[in-house]
1. Restricting the search to the range 485-517, which residues are part of a helix (DSSP H, G or I) and more than 20 Å from THR540 (Cα to Cα)?
2. Looking at GLY375, GLY362 in this structure, which one is crowded, with 24+ Cβ neighbours inside 10 Å and touching a Pro at 6+ places or on another chain (Cβ under 9 Å)?
3. State whether the residues of the range 556-565 include one that is part of a loop (DSSP other than H, G, I, E, B) and surrounded by 13 or more Cβ atoms within 10 Å (Cβ to Cβ).
4. When the range 30-44 is examined, which residues are found to be closer than 10 Å to CYS103 by Cβ and either free of Cβ contacts under 8 Å to residues at least 60 places away in the same chain or out of contact with any strand residue (DSSP E or B) (no Cβ under 9 Å at 6 or more places or on another chain) (or both)?
5. Within the range 96-138, which residues are surrounded by fewer than 16 Cβ atoms within 10 Å (Cβ to Cβ) and assigned to a helix (DSSP H, G or I)?
6. Given the condition in the same structural domain as ALA368 (by TED's automatic domain parsing), within 19 Å of SER373 (Cβ to Cβ), more than 30 Å from the chain's Cα centre (by Cα) and free of Cβ contacts under 8 Å to residues at least 24 places away in the same chain, answer yes or no: does some residue in the range 303-318 qualify?
7. For the range 60-79, does any single residue satisfy the condition of being modelled with pLDDT of 85 or more and part of a loop (DSSP other than H, G, I, E, B)?
Amino acid sequence: MVRPNFFCGIEGLQWLLQNEPASKRDDIDLTVDLIEAPYLFIYTSDADAWNLKVMGRGEIYDHEKGSGIERGNLRVDRKTGEGAGQTSDPLLRDNMGAFFEACRRLARYIRDENLQPRYAGLDPEQAGVMLEVSGGKLTARKVAGKDRPEMMCTTLFGGPTMCRPYMEDFWDRSETDMMSLEEKIEKAEGGDKFAMAKLAQAYLDGGDEVEQDPAKAAYWFRKEAELEDSEGAFNLGLLYAKGFGVARDFVQAAQWMEKAVAWGDPDGKGPAALYRSMAENQQKAEAGDAAAMAALAEGYMGLGGSLDQAGSEEDYKLCLQWAQKAVDAGCAAGYWPLALAYEHGRDVEQDDAKAVDLYRKGAEGGNAPCQHSYGCRLMTGEGVGKDKKQAFELFKQSAEQGYGLAMRDLGRCYQFAEGCVGNMKTAVEWYEKALEVIDDPDLARKAAFFRQIGENNSDWDQDYPPADDDFEEYDPEEAQRQRAEEWQQKYAQYAEKDPRIVINGSKFVFTGILVDDWESVLEKLTAMGGVERGAVSGKTDYLVVDPRGFGESKVKAALEQRTKGKPVKIVLVDDFLKALGWDA
């Protein structure tokens, strides 16, 4: 029997994971096209196990022949519940279990809703079942032909794109490509959206077939969008934002981008939010709001880099006008787009020295992006004297305002001890904060790797000196003295005054220990039945602190455990050594 194919977005998968179907039977074989990622899930079951195979989806995909590259697989034993599989795809590696469970619950949902008789005979090459969340419920409806959704696919060159990977659509596009201009127009006027898209792109680009005509491009993109086509809506929104072929209108631009998202193109979310904010800032800026002027200038700077066919001169010109007005009104945020313009020569003659000076002025005014950019110049010495300590301070000021790139670079400072005393745990914490606001897969992998390694290493939250060329005046003894003062001011009150330490069976975590021959101490601890741990948790009995080099994060973790009812005892290293019978 042919397996029914389901089209499902991330929202539908989340619904399945959050709602437990009543039926316990999950033995229906099925396939699921994930709309927002280039994956086809093939779910099957037998007497021994449940199976999930994940295929990569290209721009042309044949369900019947199973064309595509296998991205991963998982087999879960029915008796033991243990799973085994493999994948080299980072997204699948992190989410394979969730995808499997969503497919298994879908099989049970099909039982609950008695969908199998209704959809069992559907040819997956011609039709499928669209799963959507409406009113808090999961709904299912048949879609065929051009009603099937656009989906994220992998191009021939490996990049992602939203398209319709259906064989008949491919042949329709190929047929349209071979038509004359007159034939395309006739077909487009008859309602064929592939022809509309071809005409719109031809008029947008200009070339041998037609001269560039942005108004006609907008006309055909609108016709395409009115058929609820996400690509047409996205392109029409971009034309409204640029004022190319239509009058510039950020409200219309945002509305069409939002429709593109609703019709299956998640790439429209960012532009939609930008255009909404630009529409609001336009009104506020015209009313004299200096902060809105700066934000509007930054928006125009971003617009200048989009839609090459429309050019960038007008966008950059408006950017400079609003940025200068913001600066004249006393808003430091206006320095940021001004500095970018001079650094890259956007509607002004490139002048790196002026750009650096503008970054400096913005940084002095407290603008987070300028603090970060000027800090980068100080860190490398490009266009200004190198000063890593000042760069570190600027990164810190910017990061504390929530600027993601500064958080990332502050983490690097702590990792490599550039401009500051190094601390690996602090570095990872800043990397993780940065990842809350920026998308950086490489940084995410690095942070996860360092955390995994560090949590099994008791020394990973210890300070280490900066590079010699950064801090010639670095004095280890002075650093220890300052650390001890910080301990006394912040945390001394939490230490046990007269601790009675039980060694045998207790779990110990150590932080900042600078005692000589410490390895011998740990050997004695183990011999007496104590257990050394790397990180503070609910299983920790004692946190042993050396004030000369203590790790603040571990102390905070111990205090947090206390609030949860776990009485972690904080003990100074001298008292701990006395309990061991070791001279402090």
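The values are calculated or read from the model by the stated rules, or taken from the named source; none is laboratory data. If you're wondering where the values come from, they're calculated on a predicted model, not measured in any experiment. Quick reminder, even Gly has a Cβ in these numbers, built from the backbone with ideal geometry, and neighbours come from all protein chains shown.
1. Filtering the range 485-517 down to residues part of a helix (DSSP H, G or I) leaves 485-490, 492-494.
Once the filter is applied, which keeps residues that are part of a helix (DSSP H, G or I) and more than 20 Å from THR540 (Cα to Cα), the range 485-517 yields GLU485, GLU486, TRP487, GLN488, GLN489, LYS490.
2. Values: GLY375 fails: touching a Pro at 6+ places or on another chain (Cβ under 9 Å).
From the options GLY375, GLY362, the qualifying one is GLY362.
3. Within the range 556-565, none of the residues are part of a loop (DSSP other than H, G, I, E, B) and surrounded by 13 or more Cβ atoms within 10 Å (Cβ to Cβ).
4. Here is the first cut: in the range 30-44, the ones closer than 10 Å to CYS103 by Cβ are 30-32, 41-44.
Correct list: ILE42, THR44.
5. Listed by number, the residues that qualify are GLY97, ALA98, ASP112, GLU113, GLN116, PRO117, ARG118.
6. Looking through the range 303-318, none of the residues is in the same structural domain as ALA368 (by TED's automatic domain parsing), within 19 Å of SER373 (Cβ to Cβ), more than 30 Å from the chain's Cα centre (by Cα) and free of Cβ contacts under 8 Å to residues at least 24 places away in the same chain.
7. Among the residues of the range 60-79, at least one is modelled with pLDDT of 85 or more and part of a loop (DSSP other than H, G, I, E, B), which makes the answer yes.
Residue by residue, here is whether (1) among the β-branched types (Val, Ile, Thr); (2) modelled with pLDDT of 90 or more; (3) within 30 Å of ASP267 (Cβ to Cβ) holds:
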{"position": "GLU432", "(1), (2), (3)": "no, yes, yes"}
{"position": "PHE450", "(1), (2), (3)": "no, no, no"}
{"position": "PHE471", "(1), (2), (3)": "no, no, no"}
{"position": "GLN493", "(1), (2), (3)": "no, yes, no"}
{"position": "PRO499", "(1), (2), (3)": "no, no, no"}
